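Worksheet: the structure to be examined is printed underneath.
The values are calculated or read from the model by the stated rules, or taken from the named source; none is laboratory data. Small disclaimer: the values here were computed from a predicted structure and weren't measured. As a convention, Cβ positions derive from the backbone with ideal geometry for all residues, glycine included, and neighbour counts pool all protein chains shown.
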Amino acid sequence: MTPLHPALEGFFQDKTATDACFSARSFAVDRGEGLRLDSSVKLAEDDLKNWVLLAISRAGKSFDAKSPFIDLVLPETPSCSFRHRLHAIFPPLAPDGLMVSLRKLPSSRTFDPVWTDSPYYPSLREIVRSKQTLLISGSTGSGKTRLMNELLSEIASEERLIALEDTPELAPCHPQFFTLLSRSANADGFGEIPLRTLLKQTLRMRPDRILLGEIRGNEVLDLLQSLNTGHQGTLATLHANSPREALKRIEVLCLLAAGTSLPLSALRELLAGGIRWIVQVERTAEGRVIRELVEVAGREGDTILLRPKSPVTQLLQLKFGELHRSG
């Protein structure tokens, strides 16, 4: 990909930079402390548009004025040793001019000291290896996908992993990792293949583990049902600010999918039986951290019980099998 401006070339080469958001009006980079403006960078609107259209063309996509936005992943090149996700939204949806967001994506296993040095990481590794279901919760840019990549790389090579994603962001170092991608409808409203459809296909493909890049729609109800009927070791991510909020968000998505056909008590039984662990990640001024790890410890009436775990105690319990339970 030909850099538009020396600032973009610098972003690609800067190992500490993960995201860049820019337009003809501003340029901001995230180096682990949130987006920070760089007022020295000036980008011309026409150059910006030409660069984005070239990127779209090189990715084998096309721009349609009926849907003036694009979301794609650009592969590695000789001058850029990693994949990156590009999102662009054009006028008139962006009345102030074209807006672009870039995010670097790992192409192979890349240990992030924030995760591997965390006191929680050994417990998470043990949870994943023992095929217990884990939900990774956090806000945008908190490092959910990176943590999931790390943990997937810990799984035995004999296991067959199938991930369902909207955009191919997962890239663990694993010989039997496969991705299925959803497809949006075209400009005329046809051709959509949602994650829910892909999940049904995956169940026929003999997966040892079903992975969901991000929970965001009605596919979560089918996933919960599969988790309660023998499928083990699922990992998924979700945008939420706490483990309790993550469960509530899943609950809402399931109710929207099922309507009045699913009683709330039955749904909470599915949640308590299908999800075993929730890890909360967070981006702070000092960087990305694992904030807490909680066990979904069953129900008490209509309340799903969450039991926080300290890193040291949890690892000892997992190793000696005191808390081991499939799911």
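Results, tabulated for the structure shown:
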read-out: Gly259 at positive phi and outside any loop (DSSP other than H, G, I, E, B); value: yes
read-out: Qualifying positions in the range 184-229 - within 25 Å of His174 (Cβ to Cβ) and among the acidic types (Asp, Glu); value: Asp208, Glu214, Glu219, Asp222
read-out: Residue satisfying all of: in the range 269-291; modelled with pLDDT of 95 or more and in a strand (DSSP E or B); nearest to Tyr120 (Cα to Cα) among these; value: Val279
read-out: Unique match (being β-branched (Val, Ile, Thr), at negative phi and crowded, with 21+ Cβ neighbours inside 10 Å) among Ile193, Ile210; value: Ile210
read-out: Single residue of the range 110-129 satisfying the filter (surrounded by fewer than 17 Cβ atoms within 10 Å (Cβ to Cβ) and of a type in the set (S, T, N, Q)) that is modelled with the lowest pLDDT; value: Thr110
read-out: Condition met for Arg249 (over 19 Å from Pro168 (Cα atoms), in the same structural domain as Arg160 (by TED's automatic domain parsing), within 20 Å of the chain's Cα centre (by Cα) and in a helix (DSSP H, G or I)); value: yes
read-out: Odd one out for Leu86 among (1) modelled with pLDDT of 90 or more; (2) surrounded by fewer than 18 Cβ atoms within 10 Å (Cβ to Cβ); value: (2)
read-out: Per-region count, the range 265-280, residues under 18 Å from Asp222 (Cβ atoms) and either surrounded by 18 or more Cβ atoms within 10 Å (Cβ to Cβ) or not small (Gly, Ala, Ser) (or both); value: 8
read-out: In the range 49-76, the residues that are of a type in the set (A, V, I, L, M), in a helix (DSSP H, G or I) and loosely packed, with under 14 Cβ neighbours inside 10 Å; value: Leu54
read-out: Failed item in (1) without any contact (Cβ under 8 Å) to a residue 60 or more places away in the chain; (2) at positive phi; (3) surrounded by 18 or more Cβ atoms within 10 Å (Cβ to Cβ), with Gly233 passing the rest; value: (1)
read-out: Residue list for the range 26-44, filter: farther than 24 Å from Glu286 by Cβ and basic (Lys, Arg); value: Lys42
read-out: Filter pass, Val41 being of a type in the set (A, V, I, L, M), crowded, with 16+ Cβ neighbours inside 10 Å and at pLDDT 85 or above; value: no
read-out: Qualifying residue in the range 123-145 (condition: free of Cβ contacts under 8 Å to residues at least 40 places away in the same chain, within 17 Å of Pro106 (Cβ to Cβ) and not basic (Lys, Arg)); value: no
